[in-house]
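Presented below is the structure to which this report refers.
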Amino acid sequence: MSKNENMSDSTTPDASPDTTAQTPEIPQDVADVTAVTEGTAGAAPEAGSDKPEKAEEVGEAEKTEGSEKAQSAEPAKPKPTTEQKTPLAQKADKAEKAEKPKASRPTHPEPVHSTSDRSETLRRVDGREMRLAVGNSPFPVEQTEAWERFEEAMGRPLWGRYLYEDEGKPVAAVALYRYEMGGQTFLWAKHGPVWLKEQSPEREAHLRRLLRSVVKERDRSVRFIRMHARYRDTDLRELLSTITYDRTYVIDLVPKTPEKMAAVMPKDGRRAVKRAERVAREAGCTISDETGLSREEFDKVYEVLRETAERDGFKPHDAEVYWTMLTALGEKNARLFVLRKDGVPHAWDLILTSGKDSVAYYGASSNESRTFRGAEALDWWAACTLAQEGYRGLDLMGAGSTRVPSLYTVGQYKKRYAQHVTEVDGAWDVPVSRLIYSGMSTAKRLRDALRARRGSREH
């Protein structure tokens with residue numbers, strides 16, 4: 001199951017991916033993108049959205065009354081200053097601080113934005129305030145502070161975080177990043193906004209209106225905003241550079257055990273995972289979490305993606321993109337599961353996590369792995385592993401719909417893992433400069449027509 005990310009990210013032509021292996025992966029770079037098989041991308045956590053952890057033992061957290069009295073009998077010892085600490089202790093302190101995501105704060109004060117016809121307002125905030133506003137609500141990885149590290153490493157800085165509020169109460173939150181495409185600037189709010197209260201058509205339209213107003217005031221170079229919406233409207237345009245998805249399948253991990261998880265899957269899915277598990281085992285395959293692997297070993301794993309791309313007809317990102325995602329997000333938010341046969345990698349899943357949710361972001365499988373159902377065995381193993389760790393769902397990212405029929409084939413593979421399809425908000429382009437956006441759209445149509453003509457001549 002290769003994953004199609006729902007972001008502007010690949011130079012892949014539309015393809016009908018292999019359904020017994022993985023669906024073609026959707027890359028992350030928008031600069032060269034023209035037509036992508038995206039549709040399988042959803043979310044990494046900021047603070048509060050890390051991999052589920054076990055609660056601390058109460059006995060370790062509390063002190064007995066007697067021990068407190070004993071401590072109070074001793075004079076308080078002054079804490080060592082930085083100069084008094086050993087070099088090793090100072091190094092450990094620095095490492096601990098480096099691991100904590102820094103909350104980005106506005107570089108200058110910005111007024112609260114509003115309109116006379118509605119009570120909701122838009123206010124710029126820092127990462128901490130946005131995180132507190134979201135609280136325990138599902139928080140897509142692309143909207144978290146952790147994701148900022150990845151975007152900045154890729155040269156796409158945070159443009160701003162905003163809270164959409166009604167009488168001071170958060171209604172939605174959104175983080176936007178600055179992207180470039182064909183020399184033009186646009187903002188990408190991947191899997192944003194995050195809605196915390198009622199998501200009505202009127203509120204969606206009003207939030208977009210406020211964002212366009214903010215962009216015009218702050219940055220005249222921005223041509224359009226790419227963001228998600230549930231309801232179609234006159235200000236929304238189909239994406240210029242990639243495809244999105246508005247339906248997906250999510251494996252239910254709540255049952256926790258493989259037997260109970262399989263029991264809530266469709267009948268053909270239960271048979272498929274059991275068969276894949278048996279065939280892969282008989283072939284001598286091993287599957288493991290290789291998240292902390294070295295760069296040298298990762299480059300070998302990456303080669304499987306080259307084979308996948310050649311087979312399914314898309315252009316993958318360079319290895320650096322996937323490596324940066326792993327290292328920038330860190331083990332709390334990014335995992336790499338690999339299936340090997342005789343020590344050679346044949347399939348892998350790059351899975352992102354946020355809170356109790358996980359997303360199969362990227363994946364690859366070799367041609368040989370089809371003979372022992374490697375991709376299916378790996379996907380099932382990953383789902384069972386995440387279930388044991390306390391996650392509640394594994395989003396397979398994308399399935400066909402009336403808006404995105406090109407994802408029909410990959411959806412047929414994924415539907416075996418879930419009893420029902422899950423509706424999600426698709427991505428749309430929101431022109432800020434309608435005239436320039438119209439010119440960009442016309443130029444793209446001409447390029448596509450030219451490519452099609454060249455392709456027909458070659459064949």
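The values are calculated or read from the model by the stated rules, or taken from the named source; none is laboratory data. If you're wondering where the values come from, they're calculated on a predicted model, not measured in any experiment. Glycine also receives a Cβ, built like all others from the backbone with ideal geometry; neighbour counts cover every protein chain displayed. Surface areas here come from the heavy atoms of the whole protein model, side chains and all, with no ligands, DNA or RNA. Shrake-Rupley method; radii C 1.70, N 1.55, O 1.52, S 1.80 Å.
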Quick check: Cα centre of the stretch 385-443 to Cα centre of the stretch 254-285, how many Å? 25 Å
Are there GluC sites (Glu not before Pro) in the stretch 313-386 that DSSP marks as loop and that have at most 15 other Cβ atoms within 10 Å, and which are they? Glu331
Do any chymotrypsin sites (Phe, Trp or Tyr not before Pro) in the stretch 215-261 lie in a DSSP loop with no more than 15 other beta carbon atoms within 10 Å, and if so, which? Tyr231
Read phi for every residue in the stretch 115-128 and hand back ³J(HN,Hα) as whole Hz from Karplus 6.51 cos²θ - 1.76 cosθ + 1.60, θ = phi - 60°, with x for Gly and Pro. 10, 6, 8, 9, 8, 6, 10, 10, 9, 7, 9, 9, x, 5
How big is the gap, in Å, between the Cα center of the stretch 108-156 and the Cα center of the stretch 316-383? 29 Å
Which loop GluC sites (Glu not before Pro) in the stretch 128-169, with loop taken from DSSP, have no more than 15 other Cβ atoms within 10 angstrom of their Cβ? Glu167
Just the accessible area per residue of the stretch 363-459, please: how many Å² with a 1.4 Å probe? 47 Å²
Report ³J(HN,Hα) in whole Hz for each residue of the stretch 201-214, in order, from the Karplus equation J = 6.51 cos²θ - 1.76 cosθ + 1.60 where θ = phi - 60°; Gly and Pro get x. x, 5, 5, 4, 5, 5, 4, 5, 4, 5, 5, 4, 5, 4
Nonlocal amide H pairs with Asp425, under 5 Å, H built at 1.01 Å: none
For a protection proxy built on the mean count of beta-carbon atoms within 10 angstrom, sort 281-293, 399-411 highest first, please. 399-411, 281-293
Can you run phi through the Karplus equation (6.51, -1.76, 1.60; θ = phi - 60°) for the stretch 381-394 and list ³J(HN,Hα) in whole Hz, with x for Gly and Pro? 5, 4, 4, 5, 5, 5, 4, 5, 7, x, 6, 9, x, 10
What does the charge count near Ala205 come to, summing +1 for each Lys or Arg and -1 for each Asp or Glu among other residues with Cβ under 13 Å from its Cβ? +1
Give the residues of the stretch 359-395 whose amide nitrogen is closer than 14 Å to a point set 7 Å from the Cα of Glu303 in the direction of its Cβ. 366-368
Return one whole number: the accessible area per residue of the stretch 130-183 in Å², for a 1.4 Å probe. 35 Å²
